[in-house]
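Worksheet for the structure shown next.
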Amino acid sequence: MFDLIPFGRHREDALSQWVKSFNDAFNDDFFMPLKGQVMSFRTDIHETENAYLVEAELPGFQKNEIEIGYVNPYLTIKAVRNEDNNVEDSKQQIVRKERRYGEYVRRFYVQDIDEEGIRASLKDGVLKLEVPKRGQTRSKRIEIEES
């Protein structure tokens, strides 16, 4: 339908045009219910001696659109983006719509953490979580007494 080509024109043969049309048909929003309503986002997780550090890419989200919860043993990050249906200029027609709206969810299996000590910050579209570990239970060897 509409492609942005940065450098000059490109020529497509009949087969590549057909493949592109086929792919565009299955990338259409009509098939979104088949793909599922829940989308994901990218995260990096680092482990230190005392905590797990989680960095999640959530560009364009405000802190009131993000929910973080912990129900043993799952840490859940959920961000909801609602579609903006306000159209100020009625002469505008949408040529291509690629921005996604809906729920973005990631769930992580984590045990032995201090859920009261979890800290979160959001800056420049990156959510940072510090998830402190609970004090390690040290194993102790029990000696068998002579009787």
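The values are calculated or read from the model by the stated rules, or taken from the named source; none is laboratory data. Remember, it's a predicted structure, so these values are computed and weren't measured experimentally. Cβ atoms come from the backbone with ideal geometry, glycine included; neighbour counts cover every protein chain shown. The accessibility values were calculated without ligands, DNA or RNA, using every heavy atom of the protein model including side chains. Shrake-Rupley method; radii C 1.70, N 1.55, O 1.52, S 1.80 Å.
Mind running the shape call on region 100-147? Use the C-alpha gyration tensor, a ≥ b ≥ c as the square roots of the eigenvalues: rounded below 1.5 for a/c, prolate if a/b tops b/c, oblate otherwise. Prolate, since a/c reaches 1.5 and a/b exceeds b/c. For ILE113, nonlocal amide neighbours, meaning residues 5 or more places apart or on other chains whose placed amide H falls under 5 Å from its own, are ARG134. Neighbours of LEU75 by Cβ distance under 14 Å: Lys/Arg scored +1, Asp/Glu scored -1, total -1.
Remark: the GLU55-THR76 segment gains 6.2 nm on full extension, using 0.36 nm per residue and subtracting the alpha carbon distance. Heavy-atom accessible area for GLU83, with the other protein chains in place and a 1.4 Å probe, reaches approximately 90 Å². Neighbours of ALA56 by Cβ distance under 15 Å: Lys/Arg scored +1, Asp/Glu scored -1, total +1.
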